[in-house]
Amino acid sequence: MKLWIMIALAVIPFLGGLPLCAQSEIGQIRGTLQSEGGERLIFASVALCTPGDSTVYRGTNTDEDGQFTISVDSGAYLINIKYLSFEEKWISGLKTVAGITDLGTIVMQSKSIGLDAVDITAERNLVEFKLDKRVYNVSQDLSNLGSNAQEILENVPSVTVDVDGNIALRGSENVRILVDGKQSGLTGVKDQDALRQLQGNMIDRIEVITNPSSKYDAEGEAGIINIVLKKKGREGLNGSFDLNAGYPENFGAGLNLNWRRRKINLFTNASLNYRNSPGGGTFYQEFQDSTGSVGEIYQSEQERSRGGFNGQLQLGTDVFLNKYNTLTFTGLYQGSRGRNTSFILYEDLNEDLEVINTSTRTDDEEEPGTDIEATLSFTRKFPQEDRSWTIDFKYTLNDDTESNDFVETYDDGTPDLIQRGLNTEDQISYLIQTDYYHPIGKKGKLEVGLKGTLRNISNVFTVEELLPTNEWRVLGAFDNQLRYRENIYAAYVIYGNEYKKFSYSAGIRMEYSDISTELVETAEINNRDYNNFFPSAAIAYRFDEMNQLQVSYSRRITRPRFRSLLPFVTYSNTRLIWQGNPNLDPELTDSYEIGFLRYFKKGSLLSSIYYRYGTNVIRRINVVEEGIGNIFPVNLGFDNSFGLEFNVNYDIFKWWQVTGNMNFFRSVITGDYEGVNYDAEALTMTARGSAKFTLPNQLRVQTSFNYQAPRNTTQGRRLAFYSWDIGANKKILKKKGSLAFSVRDVLNGRIYRSIMEGDNFFATSTFQWRRRQFTLSFNYQLNQTGPQKRSRNSGYEGGGEDF
């Protein structure tokens, strides 16, 4: 009821299209751009200039129909139009009058006699840097061939992925992952597994937002990672087809199609994949008893594989009801049939490190899963330029089941231990959201919005053991049902404007959280509800077109993830058990950042200094009892993190482009749990460099290198980590197709190594998620030749867009 009241209060004022303030414009200038062949030109730059000195007064871009609209004051103007590979065009003698001045269809002249004689495709940079975000264009990285979303994130600047598949941004795992700007079933209940199932051929780009404004969810200490899926193209039928094959087993096929006419746009993404990723690792632990004497020593070696079939189908349509109203429906189905196996060899040692006992444990897991998502969106535009109102409704259903067969054998004659486990996770969620954008004056803006997310999850977990009587006995410590309910209601308002060379934006977001967890079998109920306010502010100074400075602040929250609340997580390894903590509280963070963006003739450099102060921080600890390790998350005390980051793009030559990212940061954690101190101080860095070479005969070659320096943790140290990828791509079939080959982790060095220490134990470990991967890929473009989106420096941009 609270949600519907808020929605009603937001919607009623807009139904009549009432303006929020008086406007000074008296009219509008409209027009439509097309090529000599009649093709609409999208994203062309249109600038309104003063006649005397041709100073740009106001600018815009053509929309997906090649149309533009500019609101104007009374006076005389020139119009300047620019588009890549077309002649620049000037229209003079314009005098505005009240109402609409329609310039009709404007035909742009190509710079060459025939389109067949010149390649006019504008290729995007691998990484584009802006003050408030980094944009990683997935298709431009050749090492992404045949990869899934998690593997792609390993190559995104500022992002790291650890041994357990946890995503971190600038060293913090508390990051929000969105799909197309919203919470999605594509990231599912278990983010790590869901990201492995989301195939790269469906992804257009990844946006990393380090200090989001109040418009975005406050969730995520370090910021937001937004995965943008492929969608929409030019008029007619266009798209692409992909095939890939790799070793170890990695086979897939995908398609992206779009068909557009004046009143309707249809689009689809589909993929079918099979893979088997072998991996494994080692573990060594010394345990001391209560007297301080060495109690138990053991080492283990694990071989495992993860894989199976995965298929995705997305269907959608845009219905352009009229010039101002668009209705969009998107449906998504994702089905998987995972097969995961694990083999662990345990060796018990004496004080002289001699083997005294051995045992093995196997785990054969079947993991079917289904994800269904339906989205309905309404977009309302207004005659006033840039004014818009949107409403979105999303329904998500996730169904995931893990069925395990465990067998443990011993060399001392002890009978085999046979067990089986069942873990089902079912989720239903609803999202409703409305956003309104209102321009004020020439460069001001007001944004308001409401959002509600309702989420219910049921998790049933049980482990049974086969008795000598051939009867199954339930293990009480691993038998329960968790019911999780999360309702979050939010409202925000943002105001921004420009004054001379300054741009500023300030906003506040309110989020009311109503969360409950219930362990059904043991009747443990934990209800939490809290209301928080999350301010954000940013101010930028533009020295000139090549130099910009921004200072920003935001307050963030990290609610415990569902998987972190489960008191039972895995039973594959009986000597190192991962579990959750249903008593976790949310973590609050204040984030500050200063960024300086410098453009060069051949590139750009973004330098950032940031500071985060977190309270009630969530970290995983390892508590060893009788030689058995129990890893689970707890609330500690405070975290002070300082960082310095550099991102660079540079074209050394036309045929040689380089991209680099370096992040130096220091984290100081202070806190304790049950009387044990877990203070930790870390000074470390991450770095990524990439070089792309454009060679004759339509051949591209790329090489990239990732490095993570050693880092202290609350209980030990993570050692250095590195990987090297290479790839090559060649155009074929008259440039409509391409054949590519890549080697991911050339040196097979993507191995995670760590040291863990506590009052009563010492342990070391190594782990490799997957071994070196070879992939051969074929791509075919259907009707994709012709003008593309403009590059960064090809036209005019409105002020304040960094907010």
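Below is a table of values for the structure above.
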| read-out | value |
| --- | --- |
| Criterion: in contact (Cβ under 8 Å) with a residue 12 or more places away in the chain, open to solvent by 30 Å² or more (accessible area, probe 1.4 Å) and under 30 Å from GLY316 (Cβ atoms) - qualifying residue of THR396, THR390 | THR390 |
| The stretch 58-89, residues that are of a type in the set (Gly, Ala, Ser), open to solvent by 30 Å² or more (accessible area, probe 1.4 Å) and in contact with a strand residue (DSSP E or B) (Cβ under 6 Å, 6 or more places away or on another chain) | ALA76 |
| Criterion (open to solvent by less than 30 Å² (accessible area, probe 1.4 Å), over 15 Å from the mean Cα position of the chain (by Cα) and modelled with pLDDT under 70) met by exactly one of ALA122, ALA98 | ALA122 |
| Yes/no for ASN663 being open to solvent by less than 40 Å² (accessible area, probe 1.4 Å) and either within 22 Å of THR589 (Cβ to Cβ) or at pLDDT 90 or above (or both) | yes |
| Per-region count, the stretch 706-715, residues within 16 Å of ARG666 (Cα to Cα) and either out of contact with any Leu (no Cβ under 7 Å at 6 or more places or on another chain) or surrounded by 20 or more Cβ atoms within 10 Å (Cβ to Cβ) (or both) | 6 |
| Selection status of ALA687, of a type in the set (Gly, Ala, Ser), modelled with pLDDT of 90 or more and either touching a Phe, Trp or Tyr at 6+ places or on another chain (Cβ under 6 Å) or surrounded by 17 or more Cβ atoms within 10 Å (Cβ to Cβ) (or both) | yes |
| Number of the condition not met by VAL163 [criteria: (1) more than 20 Å from SER336 (Cβ to Cβ); (2) surrounded by fewer than 23 Cβ atoms within 10 Å (Cβ to Cβ); (3) at pLDDT 70 or above] | (3) |
| Count of residues meeting criterion [under 30 Å from VAL138 (Cβ atoms), over 24 Å from the mean Cα position of the chain (by Cα) and assigned to a strand (DSSP E or B)] in the stretch 641-690 | 6 |
| Flag for TYR436 being open to solvent by less than 30 Å² (accessible area, probe 1.4 Å) and at pLDDT 95 or above | yes |
| Residue list for the stretch 721-740, filter: free of Cβ contacts under 8 Å to residues at least 40 places away in the same chain, open to solvent by 30 Å² or more (accessible area, probe 1.4 Å) and within 20 Å of ARG688 (Cβ to Cβ) | TYR722, TRP724 |
| Matching residues, the stretch 254-281, being charged (D, E, K, R) and in a strand (DSSP E or B) | ARG260, ARG275 |
| Selected residue (criterion: nearest to ALA680 (Cα to Cα)) from residues of the stretch 705-724 that are over 24 Å from the mean Cα position of the chain (by Cα) and among the aliphatic types (A, V, I, L, M) | LEU719 |
| Verdict on ASP364 being open to solvent by 30 Å² or more (accessible area, probe 1.4 Å), of a type in the set (D, E, K, R) and in contact with an Asp or Glu (Cβ under 6 Å, 6 or more places away or on another chain) | yes |
| Residue check, PHE693 at pLDDT 90 or above, of a type in the set (Phe, Trp, Tyr), open to solvent by less than 40 Å² (accessible area, probe 1.4 Å) and part of a strand (DSSP E or B) | no |
| Pairs with Cβ under 6 Å, 6+ apart, first in the stretch 443-467 and open to solvent by 30 Å² or more (accessible area, probe 1.4 Å), second among the basic types (Lys, Arg) and in a strand (DSSP E or B) | ASN456/ARG485; SER458/ARG483; GLU464/ARG420; GLU465/ARG473; LEU467/ARG473 |
| Only one of ILE525, ILE515 that is modelled with pLDDT under 95, surrounded by 16 or more Cβ atoms within 10 Å (Cβ to Cβ) and aliphatic (A, V, I, L, M) | ILE515 |
| Residue in the stretch 189-196 that is assigned to a loop (DSSP other than H, G, I, E, B), at pLDDT below 65, out of contact with any Leu (no Cβ under 6 Å at 6 or more places or on another chain) and surrounded by fewer than 23 Cβ atoms within 10 Å (Cβ to Cβ) present | yes |
| Residue under evaluation VAL743, criteria (1) within 25 Å of ASN250 (Cβ to Cβ); (2) open to solvent by 20 Å² or more (accessible area, probe 1.4 Å); (3) touching a strand residue (DSSP E or B) at 6+ places or on another chain (Cβ under 7 Å); (4) not hydroxyl-bearing (Ser, Thr, Tyr), criterion not met | (2) |
| Looking only at the stretch 282-293, and only at residues there that are part of a strand (DSSP E or B) and open to solvent by less than 60 Å² (accessible area, probe 1.4 Å), the one that is nearest to LEU272 (Cα to Cα) | PHE283 |
| Leading residue by the ranking (surrounded by the most Cβ atoms within 10 Å (Cβ to Cβ)) among those in the stretch 546-576 that are at pLDDT below 85 and among the hydrophobic types (A, V, I, L, M, F, W, C) | LEU566 |
| Residue in the stretch 515-538 that is within 24 Å of the chain's Cα centre (by Cα), β-branched (Val, Ile, Thr) and part of a strand (DSSP E or B) present | no |
| Residue match in the stretch 168-183 (condition: open to solvent by less than 10 Å² (accessible area, probe 1.4 Å) and modelled with pLDDT under 65) | no |
| Residue ID - nearest to LEU198 (Cα to Cα), chosen from residues in the stretch 373-396 that are part of a strand (DSSP E or B) and in contact with a Gly (Cβ under 7 Å, 6 or more places away or on another chain) | GLU373 |
| Unique match (being outside any strand (DSSP E or B) and open to solvent by less than 10 Å² (accessible area, probe 1.4 Å)) among LEU606, LEU584, LEU597 | LEU584 |
| Among the residues listed as GLU351, GLU402, GLU408, GLU366, the single one being assigned to a loop (DSSP other than H, G, I, E, B) and either more than 25 Å from the chain's Cα centre (by Cα) or modelled with pLDDT of 95 or more (or both) | GLU351 |
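Matching residues to (1) in contact (Cβ under 8 Å) with a residue 40 or more places away in the chain; (2) touching a Leu at 6+ places or on another chain (Cβ under 8 Å); (3) open to solvent by 40 Å² or more (accessible area, probe 1.4 Å):
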{"residue": "ALA253", "(1), (2), (3)": "no, yes, yes"}
{"residue": "ARG261", "(1), (2), (3)": "no, no, yes"}
{"residue": "GLY279", "(1), (2), (3)": "yes, no, no"}
{"residue": "GLY316", "(1), (2), (3)": "yes, yes, no"}
{"residue": "THR326", "(1), (2), (3)": "yes, no, no"}
{"residue": "ASN350", "(1), (2), (3)": "yes, no, yes"}
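The values are calculated or read from the model by the stated rules, or taken from the named source; none is laboratory data. Remember, it's a predicted structure, so these values are computed and weren't measured experimentally. Backbone-built Cβ (ideal geometry, glycine too); neighbour counts: all protein chains shown. Protein only, heavy atoms only, side chains kept; ligands, DNA and RNA dropped before computing areas. Shrake-Rupley method; radii C 1.70, N 1.55, O 1.52, S 1.80 Å.
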